[in-house]
């Protein structure tokens, strides 16, 4: 990717199109998954959720995930963090727009 290029990024707890939880095992076959719609997929784990006290008036939450040592921190509204759980498996999917 280059500076200025637009992309779509998705965080998902499963690659199953029907939303069923991921089993943790790769089953090779002709089954379509969310990964088929993206160019780049990483698997990781959410390892920390904390409140950001430096944001002043509006409360913010920080969500930390590790993708094989590549670390990501997301900061946002606490209502958006309600779907995340500590030690949750995550898939990060990216494709160019």
**Message:** Given an 8 Å cut-off on Cα distances and at least 6 residues of separation, report the relative contact order of the chain as a percent.
**Reply:** 39
**Request:** Provide, for q = 0.18 Å⁻¹, the log10 of I(q)/I(0) from a solvent-free Debye sum over equal Cα point scatterers in region 44-97.
**Result:** -0.63
**Complete:** Taking the convex hull of the alpha-carbon atoms of the chain and averaging its shadow over every direction gives an area in square nanometres of 8.0
**Message:** Can you compute the modelled spin-label distance between residue 89 and residue 14, with each label point 7 Å from Cα toward Cβ, in nm?
**Reply:** 1.1
**Item:** Spin-label model distance (nm) - residue 79 vs residue 49, 7 Å beyond Cα toward Cβ
**Value:** 1.7
**Message:** Using Cα-Cα distances under 8 Å and only pairs 6 or more residues apart, what relative contact order does region 44-97 have, in percent?
**Reply:** 39
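Read the figures in this text as sums done on the coordinates, not as results from a lab. Note that the coordinates shown come from a computational prediction; the quantities given were computed from them, not determined experimentally. All Cβ positions, even for glycine, are placed from backbone atoms using ideal geometry, and neighbour counts span all protein chains on display.
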